[in-house]
């Protein structure tokens, strides 16, 4: 027998929506238990979270997309269907989102203005994509520059979630030579709490976790120095990688199709950036816990780290120089040899001449005596 | 600048410059030493023992009988440190990868845990050697700033590498950057300090052996 979610009677709540979609209390509690575990909260918080979320009114969310590729939205909405993460995502009141909203043109912009007015100081602002600070015309929506739209919408937001590496750090648009002068949300907004959820794309459950935490406690989860939820970005991919024992044993794949790669050995030598990438891919995994890049045979590219595009070639091992070449060493050796020869020549001319002792006939005669 | 940017700088421009200064310095000093020239020795060699120089290169690399009793600390800690350092530098897989990327040379590494243990032994040996240098009156008298500098810049890469490997002190990305910077400091100073013995040691042993043989002390 299926037990409905407790607060199904309250109209307009998340619980009502979940109930209507046939989600049982047991399923919802299981989901909340895993969320509390991932957020590193005490186990007893699962029930509190379930209660709080199901009783919560649908949270107004405004989603702004700037210089981005929509990969973040794709990741969050089409990761696996239909998951509870999706349902939670559906059950927020997503008042503005280019890709998902039916309205267009002026109607779409009116929806954003209306949501800002109705939920002033309470709505959650989610941003994906970086903001160009060069020519305002580089990226506009309804004739409004990204910068102006962010500043206008951020003013009344309770908190801001920068989803994806572009919004969190500038990402691909911000990579050298950064033609649009792209910056992150955090670089422009200083007076509001900004949560960075980096990743290209980010793990869907991280966004769900932040939303759940906000709905339960009315506050943001604990963040690290870079503004990331500590519970998800506290450890490196390498530390949690199932291939780690091979690294410790010195067993490495030398190419993507050699015997070692087929045995599932460590991908460090193929450029895996797992040791310097802080994310939860190795534990939460992707596509409903199916796999993550390393498990499918490709090294981590470090997509959730700031400026990872400019951190050297993707397929160069972390222990290799970023740009050093053999020719560079050969050139240095040639210069050193030439300098050595020049010094030798100089030494022989000056020091040898100075050390040369001249002996006079008188001195020889004196010695004979 | 975030830790990854620092690491990119350490792996990029900083490493390139350090490597180039090191190579230029090594070549310059080798050419300078070889080309220095000596006064022509007009005397007749006392013994004619061909290959004396080459033999000395090997015989001086092995411990002399009785050394263990006379200088046990220098003897043991010296060997542990030197052999350990060679293993750590040339048999840790990421280090081999570094050398491979620059020279194309490649060989099999040892398990990381084994290299880790060797690194610990090398660090302990270095600390013992410093303590001995400070407490032994003869060694202390013979030591100058250059000796302590060489000791310091050799310890730093070992220590930072160990800390990075074990995720100690700072987070890994920052610690790895510090490790690379310490290696770069070592590379830059190597040709111009006593550390240059790593390149001149065989040359000087050969020369000593050859000259000793000429003077009647053949090896």
Considering each residue of the range B:164-186, count those that are within 14 Å of another protein chain (Cβ to nearest Cβ) and in a helix (DSSP H, G or I), and give that number.
14
Could you list all residues from the range B:182-209 that are modelled with pLDDT under 95 and crowded, with 19+ Cβ neighbours inside 10 Å?
B:205, B:209
Those residues that are in contact with a helix residue (DSSP H, G or I) (Cβ under 6 Å, 6 or more places away or on another chain), at pLDDT 90 or above and within 14 Å of chain A (Cβ to nearest Cβ), I need them from the range B:26-77; list them, please.
B:26, B:27, B:28, B:29, B:31
I'd like to verify a number: residues in the range B:1-23 that are at the interface with chain A (Cβ under 8 Å from one of its Cβ atoms), free of Cβ contacts under 8 Å to residues at least 24 places away in the same chain and in contact with a helix residue (DSSP H, G or I) (Cβ under 9 Å, 6 or more places away or on another chain), how many?
6
Taking the range A:242-263 and keeping residues touching a helix residue (DSSP H, G or I) at 6+ places or on another chain (Cβ under 7 Å) and either part of a helix (DSSP H, G or I) or outside the structural domain of residue A:276 (by TED's automatic domain parsing) (or both) leaves A:244, A:247, A:248
Of the residues A:332, A:311, A:306, which is touching a residue at least 60 places away in the same chain (Cβ under 8 Å) and facing another protein chain (nearest Cβ under 8 Å)?
A:306
Selection over the range A:101-120 where residues are surrounded by 12 or more Cβ atoms within 10 Å (Cβ to Cβ) and assigned to a loop (DSSP other than H, G, I, E, B) yields a count of 4
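From the set of residues in the range A:261-303 that are within 14 Å of chain B (Cβ to nearest Cβ), farther than 30 Å from residue A:186 by Cα and free of Cβ contacts under 8 Å to residues at least 40 places away in the same chain, which is farthest from the chain's Cα centre (by Cα)? Don't jump to the end; show me each part of the working.
From the range A:261-303, those within 14 Å of chain B (Cβ to nearest Cβ) are A:265-279, A:299-303; that's our starting set.
Filter again for farther than 30 Å from residue A:186 by Cα, leaving A:265-270.
Now restrict to residues that are free of Cβ contacts under 8 Å to residues at least 40 places away in the same chain: A:265-267.
Details: A:265: 25, A:266: 22, A:267: 20 Å.
Among residues in the range A:261-303 that are within 14 Å of chain B (Cβ to nearest Cβ), farther than 30 Å from residue A:186 by Cα and free of Cβ contacts under 8 Å to residues at least 40 places away in the same chain, the one farthest from the chain's Cα centre (by Cα) is A:265.
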Within the range A:161-183, which residues are free of Cβ contacts under 8 Å to residues at least 60 places away in the same chain, crowded, with 24+ Cβ neighbours inside 10 Å and either out of contact with any helix residue (DSSP H, G or I) (no Cβ under 9 Å at 6 or more places or on another chain) or in a loop (DSSP other than H, G, I, E, B) (or both)?
none
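The values are calculated or read from the model by the stated rules, or taken from the named source; none is laboratory data. Bear in mind the structure is a predicted one, so any value in this text is a computation, not a measurement. Every residue, glycine as well, gets a Cβ built from its backbone with ideal geometry; the counts of neighbours run over all protein chains shown.
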